[in-house]
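Undergrad: I have a structure here, written as structure tokens, and I will follow up with some questions on it.
The values are calculated or read from the model by the stated rules, or taken from the named source; none is laboratory data. Computed from a predicted model, the values in this text were never measured in an experiment. Don't worry about glycine lacking a Cβ; one is built from the backbone with ideal geometry, like all the others, and counts go over all protein chains shown. In case anyone asks, the SASA skips ligands and DNA or RNA and just uses the protein heavy atoms, side chains included. Shrake-Rupley method; radii C 1.70, N 1.55, O 1.52, S 1.80 Å.
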Amino acid sequence: MTANRSTSPTHTREQSTAPSSATVTTSARPAPPAPPTSPMSTDGAPGAGLSERGAAIVSEEEALLARVIAHLATAATKPSRPPPAENYEEQLLSLRDQIAAARLEDVPALVQQMERLQGIAARRNENVVEPVDPKSPYFGHLRLREKGRPERDVLIGRTTLVDASAGVRIVDWRHAPVSQIYYRYEEGAEYEETFGERDVEGTVLVRRTVTIDDGELYRISAPQGTLVRGPSGGFREIATRATELSGGQGSAVRPEDMRDIARAAAGGARGGLGTGAAFHAREDRHLPEIAALLDPRQFELISKPDAGIVVIQGGAGSGKTTIGVHRLAFLSYNGGRRFTADKMLVIVGSPALRAYISEALPALGLGGIAVETFSEWARAARKRAFPWLEAPVEENTPSVVTRYKTHPAMLHLLEQRAAELKDDARARRDSRGTLAFWADVLTDLDRVMAAFEAAGDPEFGPEQVKRAWRWCADRCPAVLDLDPGDRAERKAAMADEPADDDDDRGGDGREVSSDDRAVLDPEDDALLLRAYQLLRGELRKGKNVLVYEHLFVDEAQDLAPIDLAVLLGVVAEPRSVTLAGDTAQRLFMDSGFRDWRATLDDLGLSRVDVEPLRIAYRSTREVLAFARAVLGPLADPTPPLAPRSGAPVEHHHFPSAGAAVAFLADAIRPLFAREPRATLAILARHPEQADVYYDALRMAEIPNLRRVRAYEFAFRPGVEVTEVRQVKGLEYDYVVLVDVNASTYSADDESRHLLHIGATRAAHQLWVISTAAPSPLVPDWLG
Ligand SMILES: Nc1ncnc2c1ncn2[C@@H]1O[C@H](COP(=O)(O)OP(=O)(O)OP(=O)(O)O)[C@@H](O)[C@H]1O
């Protein structure tokens with residue numbers, strides 16, 4: 001699928017030049033140089049122009065596939081055919097027979113499959129072990145030579161099936177020893193691994209990624225070349241040049257390597273939108289699924305031990321979400337009964353990502369995992385913990401109050417005050433006591449002042465503390481009033497607080513004024529939950545304790561330390577957690593998250609390492625250069641490695657939005673005529689700006705045009721007009737950033753982050769449009 005954030009992980013990144021895993025893997029021992037091949041052919045004639053080596057690879061792979069399919073067909077007609085998935089006992093018996101007949105080196109994979117099945121049988125209601133799908137039985141091919149043993153072909157797929165006598169060995173990608181060879185070693189490399197109890201040494205004779213769809217081989221990626229079946233049925237070689245991660249020679253992938261398509265793209269030079277990438281995607285619909293492409297570093301993080309906290313810092317498009325969801329799959333496979341679907345929680349940054357991940361998980365064999373945004377999850381948990389607290393939550397909190405409530409100083413104060421109440425049975429007795437505690441912590445001015453002074457945050461001094469405190473002191477009594485219990489007593493206590501005649505405006509100029517209605521701020525959900533955890537212990541869901549065995553938090557940079565503390569508080573010991581985020585993509589500047597190190601310290605996790613990811617897979621080198629430039633001083637000192645190069649980023653200036661739309665309409669129509677499967681995002685900072693572009697493009701009768709107002713992305717081809725904030729975590733073939741004017745994006749941190757996020761949604765090409773004095777963040781070199 002070419003749509004933004006493909007909904008199926010089997011084609012999560014439909015672009016023709018996804019680097020073959022062989023070209024991005026690193027190995028202690030380099031692959032031997034590929035023998036010379038004849039020039040690449042792009043003429044589409046069946047098999048025409050295939051090098052001798054290419055032809056040999058194709059026939060080897062076709063023979064292998066034919067063998068597997070024939071075996072699956074025979075197995076299907078035999079009584080010993082794997083029984084329906086829900087018939088666990090028969091499946092276990094079948095596996096036992098396979099083990100009895102298997103060679104020593106195949107036994108661990110089968111035993112693992114058996115253990116997994118036993119776990120599932122015990123749970124009954126969980127995911128089932130799927131039989132091998134004859135339409136797409138595997139995606140990786142290794143040929144291994146081990147000392148004193150004949151060479152053997154091992155295929156990497158989504159489930160295990162081994163029949164050594166038939167020469168068929170398909171091993172689940174999550175099965176550690178074999179997948180380690182696939183993900184860590186290049187063709188030609190020597191390896192040492194442990195299979196079960198046995199140490200083995202060998203050589204990877206062949207390592208290829210294959211795409212099989214509907215039982216047909218469509219694509220082979222090998223170090224010697226990428227071979228693709230054309231519409232006429234024959235194979236041809238495409239874009240085989242090795243990508244250079246350092247930006248060195250031979251790194252260009254497109255448009256040069258796609259001359260034929262670029263030629264088709266009318267006016268492919270400056271002024272033309274479209275690199276032909278989405279056109280090519282249509283032709284080469286069959287691209288390897290992402291599990292086939294994982295690089296060694298990604299696989300290392302995915303396969304980290306099941307206990308422990310893995311913190312991933314990676315730039316835009318470096319595979320953080322990919323790692324998070326594959327780690328869930330890996331743990332669920334290897335973790336026996338511990339990691340069942342109802343015991344894993346995924347927290348995402350937006351409803352759009354929730355939609356994407358919810359659809360991606362079942363395709364990885366993970367049905368029924370809860371995927372929620374933090375605010376949704378916290379709201380529901382808070383309502384369960386305080387069922388009688390019927391205060392509405394209003395989203396009009398002044399910035400100064402958000403910062404006060406999410407500041408690490410507030411988290412520490414809450415912890416300190418709770419510790420002081422260790423022996424106070426009254427405070428701990430029920431959720432009403434917790435509510436009183438919450439109000440007390442927020443409104444005890446002396447303690448609050450001391451806590452913020454100790455935090456020493458130069459951007460949040462006594463002035464701000466006082467203003468935020470006023471807001472809380474004004475609002476908390478009405479909330480406490482919802483508890484008829486000892487209303488009078490509490491009111492009297494609140495009345496003792498000193499009157500405040502200071503300025504009563506919030507940091508953003510909004511009035512911080514008295515409100516007699518019982519209203520909560522969104523940040524109160526986390527404060528109340530943390531207070532509950534500290535005073536009363538574990539949160540509950542119905543009669544059960546609310547506890548998860550694994551937690552994956554995506555876009556963690558937009559959560560406050562207190563949010564993370566609440567989430568970590570619902571994870572069972574020993575904790576198994578993946579936290580992924582990118583400090584360059586912070587959107588909620590008031591959230592209390594400063595950087596990973598400080599946040600981990602705030603959470604008492606100083607000893608946890610932050611794992612950096614360096615390869616930016618999504619965007620081209622040109623897009624990444626722009627995205628880095630707009631970050632200015634906020635950019636990571638180490639630039640990401642960008643495997644792909646593409647069309648230059650262009651800046652177009654117009655006197656008005658009307659002129660810009662006319663230009664865009666003229667570029668978009670031919671783009672979709674050439675590349676009907678393309679996805680294009682037109683991104684504004686503010687909704688009103690997006691409306692202007694949408695209305696005008698609609699009048700220009702741009703087909704498949706959608707105005708996305710509240711995360712209702714279609715994940716299919718077409719033009720989506722929306723605000724930058726909404727597209728966090730998504731991806732498009734092409735992106736146009738509109739109204740990149742000085743009045744819209746000044747040189748402040750939030751503007752830098754927004755432009756960075758918007759730009760890095762583009763996989764292939766980026767345009768920047770200004771309609772007044774351009775933003776100072778547009779780099780000079782863009783012109
Ligand atoms: N090893 C890989 N080889 C090729 N493509 C990859 C690889 N890893 C990830 N990708 C692709 O790169 C794109 C970005 O991946 P992903 O969304 O996981 O990154 P991210 O770090 O979460 O990005 P963002 O921070 O922008 O949300 C996706 O299309 C994904 O399929």
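Undergrad: Shape verdict for region 564-650, please, from the Cα gyration tensor: rounded (a/c under 1.5), prolate (a/b greater than b/c) or oblate. If you can, show how the numbers build up before the last one.
TA: Working: a/c = 2.79, a/b = 2.06, b/c = 1.35.
In terms of gyration-tensor shape, prolate.
Undergrad: Hey, any idea what % of region 672-767's accessible area is carbon plus sulfur with a 1.4 Å probe?
TA: Values: 1440 of 2910 Å².
Carbon-and-sulfur percentage of accessible area, whole number: 49.
Undergrad: Next question. In whole percent, how big is the carbon plus sulfur part of the accessible area of region 531-611, probe 1.4 Å, protein atoms only? Walk me through the intermediate numbers first.
TA: Values: 1290 of 2900 Å².
Here carbon and sulfur together make up 45 percent of the probe-accessible area.
Undergrad: Using only the heavy atoms of the protein chains and a 1.4 Å probe, how would Lys147, Lys541, Lys304 rank by accessible area, largest first? Could the numbers behind the result be given before it?
TA: On the way: Lys147 160, Lys541 110, Lys304 55 Å².
Sorted descending by solvent-accessible area, the residues read Lys147, Lys541, Lys304.
Undergrad: In whole Hz and in residue order, list the ³J(HN,Hα) couplings for region 442-452 that follow from phi through the Karplus curve 6.51 cos²θ - 1.76 cosθ + 1.60, θ = phi - 60°; x for Gly and Pro.
TA: Coupling constants for region 442-452: 6, 10, 7, 4, 4, 5, 5, 4, 5, 5, 6 Hz.
Undergrad: A further question follows. Separation between the Leu93 and Glu420 pseudo-spin-labels, each 7 Å from Cα along Cα→Cβ, expressed in nm?
TA: 6.9
Undergrad: Right, something else. Kindly sort Tyr617, Tyr693 by accessible area of their heavy atoms, largest first, with the probe set to 1.4 Å. The partial results should precede the final answer.
TA: Details: Tyr617 30, Tyr693 0 Å².
My answer, sorted largest first, is Tyr617, Tyr693.
Undergrad: Heavy atoms of the protein only, probe of 1.4 Å, neighbouring chains included. What is the accessible area of His756 in Å², nearest 10?
TA: 20
Undergrad: Please work out how much length the chain gains when fully extended from Asp691 to Arg337, using 0.36 nm per residue of separation minus the C-alpha to C-alpha distance, in nm with one decimal. Mind showing how you got there, number by number?
TA: Numbers: separation 354, 0.36 × 354 = 127.44 nm, distance 5.03 nm.
Gain on extension, Asp691 to Arg337, equals 122.4 nm.
Undergrad: Okay, moving on. Under 1.5 on a/c is rounded, so check that first for region 387-477, then, if it is not, pick prolate when a/b is larger than b/c and oblate when it is not; a ≥ b ≥ c are the square roots of the alpha carbon gyration tensor eigenvalues. Present the calculation step by step, with values, prior to reporting the outcome.
TA: Numbers: a/c = 2.32, a/b = 1.26, b/c = 1.85.
Verdict is oblate for region 387-477.
Undergrad: Another one. Per-residue counts of other Cβ atoms within 10 Å, averaged by peptide: what ranking do you get for 416-427, 676-687, 731-742, highest first?
TA: Values: 416-427: 13.0, 676-687: 23.7, 731-742: 25.8.
The most tightly packed comes first, giving 731-742, 676-687, 416-427.
Undergrad: Could you tell me which of rounded, prolate or oblate describes region 607-647, using a ≥ b ≥ c as the square roots of the eigenvalues of the alpha-carbon gyration tensor, with rounded for a/c under 1.5 and, failing that, prolate when a/b is larger than b/c and oblate otherwise?
TA: Values: a/c = 3.63, a/b = 1.49, b/c = 2.43.
Oblate, because a/c is 1.5 or more while a/b does not exceed b/c.
Undergrad: What is the distance, in nm, between label points placed 7 Å from the Cα along the Cα-to-Cβ direction at Lys383 and at Ala370?
TA: Label-label distance for Lys383 and Ala370, simple model: 1.3 nm.
Undergrad: Okay, next question. Per residue, how much accessible area does region 653-713 have with a 1.4 Å probe, in Å²? Walk me through the intermediate numbers first.
TA: Working: 2760 Å² over 61 residues.
I get 45 Å² per residue for region 653-713.
Undergrad: What distance in nm lies between label points placed 7 Å from Cα along the C-beta direction at Arg149 and Phe663?
TA: 6.2
Undergrad: Does a label point 7 Å from the Cα of Glu538, set along Cα-to-beta-carbon, have any residues of region 567-606 with amide nitrogen under 17 Å, and which are they?
TA: 567-577
Undergrad: Let me ask something else about it. Would you kindly state how much longer the chain becomes between Asp601 and Arg67 on full extension, computed as 0.36 nm times their sequence separation minus their alpha carbon distance, in nm to one decimal?
TA: Details: separation 534, 0.36 × 534 = 192.24 nm, distance 5.56 nm.
Computed gain between Asp601 and Arg67 is 186.7 nm.
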